[in-house]
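Heads up: the structure comes next, in structure tokens.
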């Protein structure tokens, strides 16, 4: 793995007595696409602003490329930001916007012109130099904001919910654009979003945050398949999160039914949270199932059906390509590999999990 | 830190404000509550109950009220008409009706006095039509006419602005929900322009209540408003304590009328009727 | 159709009410007769008399000086003040704006008197006291014009400039300044019109021997109306008209419309 480029150590930050980040530790590797994911108020934007230099942490250090940059002003840092609402300069043309940073660095005129051409080509807006900001659509403004940042050849690009203001289709297109851009530029992206789908699509590493604490760090697959607690499981996609009791290794009791599973090391008779993804719930004939229930709702979602089944007092959320009409009696089967066991929250850190989940 | 440095930019103004806004208010309060020899008294304040002063205050309130009502009645339809014009020239036409606001105050009084004077334009017009002369110069009516003329744009502008801010889809939504023209007017347009009406009323009522130049020049010494009483106390009788005391009373009336208007606006906004 | 014409007539009547007096004044300023109703032929006589009257010309110069100087100083102080206030927390802002509102809300007569009472304790009334008084009631207009522009020029554009390597000063000059400039300009022009228009505050703070046009017209009018006043009024009206046209349809206003 490549080296650590940014290292946040013991970062604490509060605003007006309100703790926003509490002893946060996080490192970002060179060339990584890292996403800070969480609900609003979880501290993800504050983390990004601390990296960008717009906030100074109350405690802790920010190391960049081996140097302590905690006290360094934003204009002296080798990274650039794409702001949430683009923050384009409304009184300047597109070319002037893009040239802004380069002029400060006293680049030659020819160099600046080359760079503007290159950057506009990169974001698929060739020939837009003379246009005014007002004449652009939201998606185009977004691309200009990115172009304006990358012409300065930053080592890291910080992106603060850059797709938040765009509509769904455009957002999906831009996700692929961003991945392409990152690969072409070969730099580190630190991306902030509250959209789990965005995070899963683009990231190398996802950092799930809640109420100022990091909940889990991992690859999209890790986060999705093995959420560490109920908050992460709930935040990353829809889930069936059910109270259960770990009877012994590889056996868990949910809703008075014993399910075989693959987890070990939770002890015996321990209360746990059990996560089962809706696409992992298999509907079978009543006799074949581990438990039986009745379909209470059926919604067509295009690729699949979303079905709710009431079984043993719990509304199971099921995604399947097979249609089962409302009122039909079905059996529920779950493969042992698809049952995810999580510790019940107990430490202070995870209090945050409960109150929000 | 950077923020603190920027806050310091307000420093010179803070000094200026203390010296020339807050301190003068303190000085006027000091005079209002002391005798010429400097001892504490309520006499300057309570002298408002002297019949001359009280009469002047009541007349001022009356004329200011009449003037405000006339301005409101003239301005509201005007603002609606201006707002209803969907032409490109709307901006210019609105400008035409606001422009008099920026003309010199004295000039406006002069123009009106000239029109009203005994051998002025209005009377000679009436004369050629064989109508009796209008002898209103040096009466309260002349003062009200001139005040309306002076302050009308101050009523037009805020009401028009409030009306222009109403989104057409708000009106369309009301229509969609079954409201007729009259319902829309009373339930949508009036409540949404209330803030403009209130600031218009304040902007007309306060100067009308406190003015002394109009009554001085068009009242011919016969129309004595509270502003004239105060002006005379300072400039003719040199009784600064009395003048300050009456100014203080006037200030209270100004503040009270503004508070009244603002509370009325709040009520109008939250009330369901 | 009926409604349309009724509206037209109403507009026209109000228009007459507002402009007829001024129109008559302007006409009379060229009337070669002292009568208010009879046309005695065209003349520029009153204008000549106006410009040869030393007291009127002196009042004119005083007015111009007070207007320009007070607007300029108020714009400087007010713009700095707006920048400082913008950086303050909520409570600080509320206190500053509360005090700023006093001269706007207070009756002119009380503002004038309170300042006079203060001035006579420390100095003689004269040009300087009028200037100080005008600056004082002008600053709020500057602040109230600049502050909204500052709030609009979102913090993020300033941060974006820092992010791209600009120093705070450069970012202010390149990003904040162009965005608040229209507010600064309209604050300046508004100050000028306020100064030009003021009577009450000047009346109480001017002292003997000094006149602005407003106070001079006032004194003259108490003696009777001289036709030179019509000429003066016409000129003042034209100045206000030009100032307002510039303020509303000038280069800064045009940009406004686009946003």
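Below are the figures for this structure:
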{"item": "Residue ID - surrounded by the most Cβ atoms within 10 Å (Cβ to Cβ), chosen from residues in region B:212-242 that are at the interface with chain C (Cβ under 8 Å from one of its Cβ atoms) and touching a residue at least 24 places away in the same chain (Cβ under 8 Å)", "result": "B:227"}
{"item": "Any hit, region B:4-21, residues being within 7 Å of chain C (Cβ to nearest Cβ), surrounded by 12 or more Cβ atoms within 10 Å (Cβ to Cβ) and modelled with pLDDT under 85", "result": "yes"}
{"item": "Residue A:53 within 19 Å of residue A:82 (Cα to Cα) and in contact with a strand residue (DSSP E or B) (Cβ under 6 Å, 6 or more places away or on another chain)", "result": "no"}
{"item": "Unique residue being modelled with pLDDT of 90 or more, surrounded by fewer than 20 Cβ atoms within 10 Å (Cβ to Cβ) and over 26 Å from residue C:108 (Cα atoms) when the list is C:245, C:181", "result": "C:181"}
{"item": "Members of region C:80-93 that are in contact (Cβ under 8 Å) with a residue 40 or more places away in the chain and farther than 17 Å from residue C:155 by Cα", "result": "C:81"}
{"item": "From B:14, B:4, residue being part of a helix (DSSP H, G or I), over 22 Å from the mean Cα position of the chain (by Cα) and under 22 Å from residue C:111 (Cβ atoms)", "result": "B:14"}
{"item": "Matching option when the condition is surrounded by fewer than 20 Cβ atoms within 10 Å (Cβ to Cβ), modelled with pLDDT of 80 or more, on the phi < 0 side of the Ramachandran plot and more than 8 Å from chain B (Cβ to nearest Cβ), among C:255, C:223", "result": "C:223"}
{"item": "Filtered residue count, region A:80-106, keeping only those that are touching a residue at least 40 places away in the same chain (Cβ under 8 Å), within 8 Å of another protein chain (Cβ to nearest Cβ) and buried (at least 17 other Cβ atoms within 10 Å of the Cβ)", "result": "11"}
{"item": "Close pairs (7 angstrom Cβ cut-off, 6 or more residues apart or separate chains): loosely packed, with under 10 Cβ neighbours inside 10 Å in region B:31-43, assigned to a strand (DSSP E or B) and modelled with pLDDT of 85 or more anywhere", "result": "B:40/B:34"}
{"item": "Residue within region B:73-96 that is in a loop (DSSP other than H, G, I, E, B) and either within 11 Å of chain C (Cβ to nearest Cβ) or touching a residue at least 40 places away in the same chain (Cβ under 8 Å) (or both) present", "result": "yes"}
{"item": "Selection status of residue C:207, without any contact (Cβ under 8 Å) to a residue 12 or more places away in the chain and under 30 Å from residue C:52 (Cβ atoms)", "result": "no"}
{"item": "In region A:130-149, residue nearest to residue A:95 (Cα to Cα) [restricted to those that are surrounded by fewer than 18 Cβ atoms within 10 Å (Cβ to Cβ) and more than 26 Å from the chain's Cα centre (by Cα)]", "result": "A:130"}
{"item": "Matching residues, region C:79-100, being exposed (fewer than 14 other Cβ atoms within 10 Å of the Cβ) and either more than 22 Å from residue C:135 (Cβ to Cβ) or in contact with a helix residue (DSSP H, G or I) (Cβ under 8 Å, 6 or more places away or on another chain) (or both)", "result": "C:89, C:90, C:91, C:94"}
{"item": "Tally of residues being within 21 Å of residue A:341 (Cβ to Cβ) and either under 31 Å from the mean Cα position of the chain (by Cα) or not in a strand (DSSP E or B) (or both) across region A:290-305", "result": "1"}
{"item": "Some residue of region A:277-287 being surrounded by fewer than 16 Cβ atoms within 10 Å (Cβ to Cβ), at pLDDT 90 or above, outside any helix (DSSP H, G or I) and in contact with a strand residue (DSSP E or B) (Cβ under 9 Å, 6 or more places away or on another chain)", "result": "yes"}
{"item": "Some residue of region B:117-138 being in a helix (DSSP H, G or I), closer than 30 Å to residue B:199 by Cβ and either more than 20 Å from the chain's Cα centre (by Cα) or at pLDDT 80 or above (or both)", "result": "no"}
{"item": "Residues (over 17 Å from residue C:138 (Cα atoms) and at the interface with another protein chain (Cβ under 8 Å from one of its Cβ atoms)) located in region C:198-213", "result": "C:213"}
{"item": "Any hit, region C:27-35, residues being more than 19 Å from the chain's Cα centre (by Cα), touching a residue at least 60 places away in the same chain (Cβ under 8 Å), within 9 Å of another protein chain (Cβ to nearest Cβ) and more than 27 Å from residue C:233 (Cα to Cα)", "result": "no"}
{"item": "Filtered residues of region C:208-247 (kept if touching a helix residue (DSSP H, G or I) at 6+ places or on another chain (Cβ under 7 Å) and not in a helix (DSSP H, G or I))", "result": "C:210, C:211, C:212, C:225, C:226"}
{"item": "Output for region B:171-211, where each listed residue is within 11 Å of chain C (Cβ to nearest Cβ) and assigned to a loop (DSSP other than H, G, I, E, B)", "result": "B:211"}
{"item": "Some residue of region C:12-19 being surrounded by 15 or more Cβ atoms within 10 Å (Cβ to Cβ) and more than 30 Å from residue B:77 (Cβ to Cβ)", "result": "no"}
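This table checks each residue for (1) surrounded by 20 or more Cβ atoms within 10 Å (Cβ to Cβ); (2) modelled with pLDDT of 90 or more; (3) in contact with a helix residue (DSSP H, G or I) (Cβ under 6 Å, 6 or more places away or on another chain).
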residue	(1), (2), (3)
A:31	no, yes, no
A:47	yes, yes, no
A:50	yes, yes, no
A:58	no, yes, no
A:63	no, yes, no
A:69	no, yes, no
A:78	no, no, no
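Rundown of residues vs (1) in contact with a helix residue (DSSP H, G or I) (Cβ under 8 Å, 6 or more places away or on another chain); (2) under 30 Å from residue B:185 (Cβ atoms); (3) within 9 Å of chain C (Cβ to nearest Cβ), yes/no style:
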site	(1), (2), (3)
B:103	yes, no, yes
B:106	yes, no, yes
B:118	no, no, no
B:128	no, no, no
B:138	yes, no, no
B:146	yes, no, no
B:157	yes, yes, no
B:168	no, yes, no
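The values are calculated or read from the model by the stated rules, or taken from the named source; none is laboratory data. Keep in mind it's a predicted model, so treat the numbers as computed, not measured. When we count neighbours, we look across all protein chains shown, and the Cβ atoms used for this are built from the backbone with ideal geometry, even at glycine.
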